[in-house]
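Engineer: This is the structure I want to talk about, given as structure tokens.
The values are calculated or read from the model by the stated rules, or taken from the named source; none is laboratory data. Predicted model only: the values in this text are computed from it and were never measured. Methodologically, a virtual Cβ is constructed for each residue, glycine included, from the backbone with ideal geometry; neighbour enumeration extends over all protein chains shown.
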Amino acid sequence: MSSSNPTPDAERKPTRVGVLGAGQLGRMLGLAGRELGLDFMFVDPVEETPPAACVGEHLGLDYDSPEALERLAACDVVTYEFENVPVAPAQAIAARTRVFPPVLALAVAQDRLHEKTCFGELGIPTPPFRDITSAGDLASGLAELGYPAVLKTRRFGYDGRGQAVLQTADDAERAYAELGTVPLLLEGFVAFERELSLIGARSANGEVRFYPLVENHHRAGILRLTLAPAPNLAPERQALAEGYMRALFERLDYVGVLALELFQIGGRLIANEMAPRVHNSGHYSIEGARTSQFEQHLRAVLGLPLGSTELVEPSAMLNCVGALPDASAVLAVPDAHLHDYGKAPRERRKVGHVTVRAPDVGTLADRLATLKSIVERAEVG
Ligand code: AMP
């Protein structure tokens, strides 16, 4: 026992983490952080009780309200669990306490034009793109990039919302009428073989770790399945992706978990977008990796040593969209784990996920096939 006077319990103040947003990512951050003895406050102007409310205090205030700013500035560190929080309040908080990832990363990731320009400047391959501010821009952009192309809102797109694939001039006209009230980006269509993502972390003291690349499957614009690790992946692809993320870490002076979504065509990886936060394609890591992305993010922003990113076993994650599956059926599958976000069922809404592990990929495929039918039976949207 140490002979120095221990701090009396009453005076021991836990480290307080402020989080902008209070959705399921916040909830899983909070669950990981409470094991580390951290205390959480979530700010999110939602009306209903948000998923993170069960793991910390929830302030149902606008991000830029004076009370939210005061309370956040009093936290030991502030982070975000989704990227569409306004930059101005994040900047105001950063003047008063530590905000990680840096506000620059938030600003770049919020705007597809800035994001793709940043990729280009760092030599990270990305689809050809054009800034679209008028119908004339769209016509000349399509003349240059050709069909098919993808028209996207520069900001606030998610789960396939705010974008359209253009095959013909008619499609272009229709999509512009629908989306053209806000700034847009036109991208060349990438005939990719598969979609991958890389999750990495950089800590406040510069330590860097990467998880293995994972393979992602979407339906109707929503992530449905992640396979970890990505099957049949040459080590060169992992090294290539890590090189791209290292460049982003340097440029953005990054601290925290970062996700990079990539299209694979043969040996090439083309960056689609990044997320300056924990990511849906990393949810498998709660059971599938030695250190979950949530704990890793907290370690990174608190300047603690990063944990091992090694996989425990081959794993897969299925999103539950619209409604939760039957828990008894899911949990009857060996080494399957159900995560219920506590959200009301609603079409196209992510309300939970299932992770499954197995000692080999053959067994994983069998377990996954069973789980897929259980999850899809409940799905809405
Ligand atoms: P995003 O909102 O940019 O992540 O796009 C959602 C999904 O649309 C991606 O996961 C891809 O499946 C598809 N997508 C986006 N951009 C392109 C593109 N330039 N070429 C082909 N497919 C795309």
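Engineer: On the given criteria, is Arg112 among the charged types (D, E, K, R) and either more than 19 Å from the chain's Cα centre (by Cα) or at pLDDT below 95 (or both)? Step through it out loud before you land on a result.
Structural biologist: Details: among the charged types (D, E, K, R): yes; either more than 19 Å from the chain's Cα centre (by Cα) or at pLDDT below 95 (or both): no.
No.
Engineer: Sticking with this structure for a sec: Given the structure, is Ala95 free of Cβ contacts under 8 Å to residues at least 24 places away in the same chain, surrounded by fewer than 16 Cβ atoms within 10 Å (Cβ to Cβ), not assigned by TED's automatic domain parsing to the domain that holds Leu298 and not charged (D, E, K, R)?
Structural biologist: yes
Engineer: Could you tell me whether any residue of the stretch 50-58 is surrounded by fewer than 20 Cβ atoms within 10 Å (Cβ to Cβ), farther than 18 Å from Arg299 by Cα, over 20 Å from the mean Cα position of the chain (by Cα) and of a type in the set (Asp, Glu)?
Structural biologist: yes
Engineer: Please state which of the following conditions Arg246 fails to meet, knowing it meets all the rest: (1) closer than 29 Å to Ala358 by Cα; (2) surrounded by fewer than 24 Cβ atoms within 10 Å (Cβ to Cβ).
Structural biologist: Checking Arg246 against (1) closer than 29 Å to Ala358 by Cα; (2) surrounded by fewer than 24 Cβ atoms within 10 Å (Cβ to Cβ), the one that fails is (1).
Engineer: Does the stretch 150-202 hold any residues that are over 30 Å from Pro235 (Cβ atoms), among the hydrophobic types (A, V, I, L, M, F, W, C) and near the ligand (Cβ under 9 Å from one of its atoms), and which are they? Show your work before the answer.
Structural biologist: Initially, the stretch 150-202 is screened for residues over 30 Å from Pro235 (Cβ atoms), giving 150-186.
This time we only want the ones that are among the hydrophobic types (A, V, I, L, M, F, W, C), so: 150-151, 156, 164-166, 169, 172, 175, 177, 179, 182, 184-186.
Passing the criteria: Val150, Val165.
Engineer: Any residue at all in the stretch 343-350 that is crowded, with 24+ Cβ neighbours inside 10 Å and of a type in the set (A, V, I, L, M, F, W, C)? Break it down stepwise before answering.
Structural biologist: Within the stretch 343-350, the subset crowded, with 24+ Cβ neighbours inside 10 Å is none.
No, because not a single residue in the stretch 343-350 is crowded, with 24+ Cβ neighbours inside 10 Å and of a type in the set (A, V, I, L, M, F, W, C).
Engineer: List every residue pair whose Cβ atoms lie under 6 Å apart, where the two residues are 6 or more positions apart in sequence or sit on different chains, the first residue falls within the stretch 336-352 and is over 13 Å from Val375 (Cα atoms) and without any contact (Cβ under 8 Å) to a residue 40 or more places away in the chain, and the second residue, located anywhere, is surrounded by fewer than 19 Cβ atoms within 10 Å (Cβ to Cβ) and of a type outside the set (A, V, I, L, M).
Structural biologist: Glu347/Gly322; Glu347/Gly381
Engineer: Taking the stretch 131-141 as the search range and keeping residues that are buried (at least 21 other Cβ atoms within 10 Å of the Cβ) and either within 12 Å of Met274 (Cα to Cα) or not β-branched (Val, Ile, Thr) (or both), which one is nearest to the ligand (Cβ to nearest atom)?
Structural biologist: We begin by selecting, within the stretch 131-141, every residue buried (at least 21 other Cβ atoms within 10 Å of the Cβ); these are 132, 138, 141.
This time we only want the ones that are either within 12 Å of Met274 (Cα to Cα) or not β-branched (Val, Ile, Thr) (or both), so: 138, 141.
Working: Leu138: 15, Gly141: 13 Å.
Among those that are buried (at least 21 other Cβ atoms within 10 Å of the Cβ) and either within 12 Å of Met274 (Cα to Cα) or not β-branched (Val, Ile, Thr) (or both), it is Gly141.
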